[in-house]
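The values are calculated or read from the model by the stated rules, or taken from the named source; none is laboratory data. Keep in mind it's a predicted model, so treat the numbers as computed, not measured. Counting neighbours? That spans all protein chains shown, and the Cβs are built from the backbone with ideal geometry, glycine included. Each accessible area value is taken on the protein alone, full model and side chains, heavy atoms only, with ligands, DNA and RNA left out. Shrake-Rupley method; radii C 1.70, N 1.55, O 1.52, S 1.80 Å.
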Amino acid sequence: VGSAGRLEEVKGHRVLVAAMPSLPETTHVVLVGDGSQRTSLVAQARELGVAQRLHLLGHRDDLEQILPAFNVFCLPSLGEGLPRVLMEAQAADIPVVASDVGSVRQAVDPATGRLVRSNDPIELGQALTKVLASPPPENAARTYAAERFGIDRLVEAYDRKANELRAR
């Protein structure tokens with residue numbers, strides 16, 4: 001299970017760490033990013049007996065190289081706008097499990113991803129376990145991302161808007 005973002009309270013990584021004991025024992029969690037919560041996340045993992053399965057990579061500029069190593073991408077945020085990282089994960093054909101906050105719902109493929117209540121480690125753990133046990137078909141998340149967020153879609157949207165403005 002991978003996640004990427006600032007290690008700050010609003011990103012909800014503590015919720016993901018709290019869910020770890022309910023995940024299969026072979027499941028590892030990788031956090032890409034750095035921030036003020038790093039030490040407390042490590043301490044939390046130690047207290048829960050899952051420290052050996054938590055890997056903190058720190059800040060990285062090569063997320064596109066790391067994403068394909070994940071079986072599922074998790075965004076356990078307590079608050080978000082429209083997170084680009086969910087689009088990037090799906091473009092890499094990684095299914096996502098994310099908190100249903102802000103505009104996250106608009107970024108998650110309803111066929112391959114799962115939305116959970118924010119700040120609920122039990123529901124988060126259950127959703128992650130289900131996706132890990134039954135991953136979506138190959139290229140399903142990628143197809144969704146390309147159709148919804150790809151460059152062709154962006155160009156069409158700009159063309160449509162330009163034509164609307166010219167018609168005024």
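The table below gives the values:
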read-out: Qualifying residue in segment 45-52 (condition: in contact with a Cys (Cβ under 6 Å, 6 or more places away or on another chain) and under 21 Å from residue 122 (Cα atoms)); value: no
read-out: Qualifying positions in segment 1-16 - more than 19 Å from residue 66 (Cβ to Cβ), assigned to a helix (DSSP H, G or I) and either of a type in the set (Gly, Ala, Ser) or open to solvent by less than 20 Å² (accessible area, probe 1.4 Å) (or both); value: 15
read-out: Among (1) out of contact with any helix residue (DSSP H, G or I) (no Cβ under 6 Å at 6 or more places or on another chain); (2) surrounded by fewer than 22 Cβ atoms within 10 Å (Cβ to Cβ); (3) in a helix (DSSP H, G or I) - the single one residue 102 does not satisfy; value: (3)
read-out: From the options 111, 91, 162, residue that is without any contact (Cβ under 8 Å) to a residue 24 or more places away in the chain and either open to solvent by 10 Å² or more (accessible area, probe 1.4 Å) or among the polar types (S, T, N, Q) (or both); value: 162
read-out: Count - residues of segment 114-153 that are surrounded by fewer than 20 Cβ atoms within 10 Å (Cβ to Cβ) and part of a loop (DSSP other than H, G, I, E, B); value: 10
read-out: Complete set of residues in segment 51-72 that are within 19 Å of residue 38 (Cα to Cα) and either touching a strand residue (DSSP E or B) at 6+ places or on another chain (Cβ under 9 Å) or of a type in the set (A, V, I, L, M) (or both); value: 51, 53, 54, 55, 56, 57, 58, 59, 60, 63
read-out: Failed criterion for residue 49 (all others in (1) buried (at least 20 other Cβ atoms within 10 Å of the Cβ); (2) of a type in the set (Gly, Ala, Ser); (3) over 12 Å from the mean Cα position of the chain (by Cα) hold); value: (1)
read-out: Residue pairs meeting the criteria (Cβ under 8 Å; at least 6 apart or on separate chains; first small (Gly, Ala, Ser), in segment 54-69; second surrounded by 11 or more Cβ atoms within 10 Å (Cβ to Cβ) and assigned to a strand (DSSP E or B)); value: 58/32; 58/33; 69/2; 69/30
read-out: Sole residue being in contact (Cβ under 8 Å) with a residue 24 or more places away in the chain, open to solvent by 40 Å² or more (accessible area, probe 1.4 Å) and more than 14 Å from residue 121 (Cα to Cα), chosen from 22, 36; value: 36
read-out: Conditions (1) part of a helix (DSSP H, G or I); (2) surrounded by fewer than 16 Cβ atoms within 10 Å (Cβ to Cβ); (3) under 13 Å from the mean Cα position of the chain (by Cα); number of the one not met by residue 67; value: (2)
read-out: Residues that are closer than 17 Å to residue 67 by Cα and out of contact with any helix residue (DSSP H, G or I) (no Cβ under 7 Å at 6 or more places or on another chain), drawn from segment 17-33; value: 30, 33
read-out: Restricting segment 70-85 to residues that are at pLDDT 95 or above and open to solvent by 40 Å² or more (accessible area, probe 1.4 Å), the residue that is nearest to residue 116 (Cα to Cα); value: 78
